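Encoded as structure tokens, the structure appears first; notes follow it.
The values are calculated or read from the model by the stated rules, or taken from the named source; none is laboratory data. Here the structure is a predicted model, which is why all the values come from computation and not from measurement. All Cβ positions, glycine included, derive from the backbone under ideal geometry; neighbour counts span all protein chains shown.
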Amino acid sequence: MANPFASVSNFVGSEALKIGEGIKDTIVGGVKQRVTDFVADTGFGKALRALNLLPGAMPQGISFTDGSWGSNNELDWRVRLSVPSQMAGSPLISPLSETNGMVFPYTPQVMLQHRASYQSITPVHTNYPYFAYQNSEVSSMSIMGDFLIENAKEGEYWIAVVHYLRSVTKMAYGRTSNQGSPPPVVRLNGYGDYVFKNVPVIITEFTVELSPQTDYIQVGLGPNGSWVPVRSNISVTCQPIYSRRQTTQFSLDAFVRGDYVINGKGFI
């Protein structure tokens, strides 16, 4: 049988082998010791992980600071849904103010569909039907993104997102201000000027995954606290919507030139 310590020597070099001598002593002495404890105590695992790193890949003398949901970059192109002014004062939704709306922290999957409808006209004794144009429409959009929670601050943001989606899918019913108003229109932004720029949308549906296969952490919100999943997927279905006055003033020539991006009408 080949000597396992010689193989390690050939793989990591003679200097790293000195670290591995602790493994040999453990085997010879018959002492039961968890491999994970040995790796942590000796740094053997760290030496192995550093073998194939490029020069400069291990930072030296760098002090790390806490991450932030916000962005000081004016060219922030993350997918974002705005918060209606009447909801901005909510303490549960207030974490969204740091990102100027609900932001998907990781690049989401966006499904966008446009449609032009034609009616098929099939006269008798013809080989090919005729098609009469009816209308065009922008279908509902589906936005699906992951939320990874590592600390209480991110957990509070997750709760704010869920509470925001619950709120924007409800009408002003009962004893409330603006009684009788439908769910609000919000603005969708993402990926720069000529993708989604101030697109008016209504949230028609959302789905939040609470999987039993993930861990949950406690967040200090509420008298007894709240627990959020460390990983979940949130899916939002939104429908672009425009007023009748806006559509009657629509110009295809201006749309083709890209003018509606400049004037902020949000046509897509």
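Determine if segment 113-120 includes at least one residue that is closer than 26 Å to ILE268 by Cα, free of Cβ contacts under 8 Å to residues at least 60 places away in the same chain and in a loop (DSSP other than H, G, I, E, B).
Within segment 113-120, one or more residues are closer than 26 Å to ILE268 by Cα, free of Cβ contacts under 8 Å to residues at least 60 places away in the same chain and in a loop (DSSP other than H, G, I, E, B).
Can you tell me which residue within segment 179-213, out of those that are charged (D, E, K, R) and closer than 30 Å to VAL256 by Cβ, is modelled with the highest pLDDT?
Among them, the one singled out is ARG187.
What are the residues in segment 86-106 that are β-branched (Val, Ile, Thr) and either exposed (fewer than 13 other Cβ atoms within 10 Å of the Cβ) or part of a strand (DSSP E or B) (or both), if any?
Within segment 86-106, the subset β-branched (Val, Ile, Thr) is 93, 99, 103.
VAL103, the sole residue that qualifies.
Search segment 227-256 for residues being among the hydroxyl-bearing types (Ser, Thr, Tyr) and touching a residue at least 60 places away in the same chain (Cβ under 8 Å), and hand back the single one that is farthest from ASN198 (Cα to Cα).
Among those residues, the one meeting the criterion is SER232.
Looking only at residues that are part of a helix (DSSP H, G or I) and either among the basic types (Lys, Arg) or in contact (Cβ under 8 Å) with a residue 40 or more places away in the chain (or both) in segment 257-268, which one is surrounded by the fewest Cβ atoms within 10 Å (Cβ to Cβ)?
In the first step, residues of segment 257-268 are kept if they are part of a helix (DSSP H, G or I); the result is 257, 259-263.
Those still in the list that are either among the basic types (Lys, Arg) or in contact (Cβ under 8 Å) with a residue 40 or more places away in the chain (or both) too: 257, 261.
Working: ARG257: 11, VAL261: 18.
So, considering only residues that are part of a helix (DSSP H, G or I) and either among the basic types (Lys, Arg) or in contact (Cβ under 8 Å) with a residue 40 or more places away in the chain (or both), the one surrounded by the fewest Cβ atoms within 10 Å (Cβ to Cβ) is ARG257.
If VAL83 satisfies every condition in (1) in contact with a helix residue (DSSP H, G or I) (Cβ under 9 Å, 6 or more places away or on another chain); (2) part of a helix (DSSP H, G or I) but one, which is the exception?
Status for VAL83: all satisfied but (2).
Looking at GLN218, GLN179, which one is loosely packed, with under 13 Cβ neighbours inside 10 Å and part of a strand (DSSP E or B)?
Of GLN218, GLN179, the one residue that is loosely packed, with under 13 Cβ neighbours inside 10 Å and part of a strand (DSSP E or B) is GLN218.
Restrict the check to segment 140-147 and report whether at least one residue is surrounded by 12 or more Cβ atoms within 10 Å (Cβ to Cβ) and in a helix (DSSP H, G or I). So that I can check it myself, show each step before the final result.
Let us first name the residues in segment 140-147 that are surrounded by 12 or more Cβ atoms within 10 Å (Cβ to Cβ), namely 140-147.
Still in the running and in a helix (DSSP H, G or I): none.
Looking through segment 140-147, none of the residues is surrounded by 12 or more Cβ atoms within 10 Å (Cβ to Cβ) and in a helix (DSSP H, G or I).
One residue is enough: does segment 230-237 have a residue meeting the conditions assigned by TED's automatic domain parsing to the domain that holds ALA88, in a strand (DSSP E or B) and of a type in the set (A, V, I, L, M)?
For segment 230-237, residues assigned by TED's automatic domain parsing to the domain that holds ALA88, in a strand (DSSP E or B) and of a type in the set (A, V, I, L, M): present.
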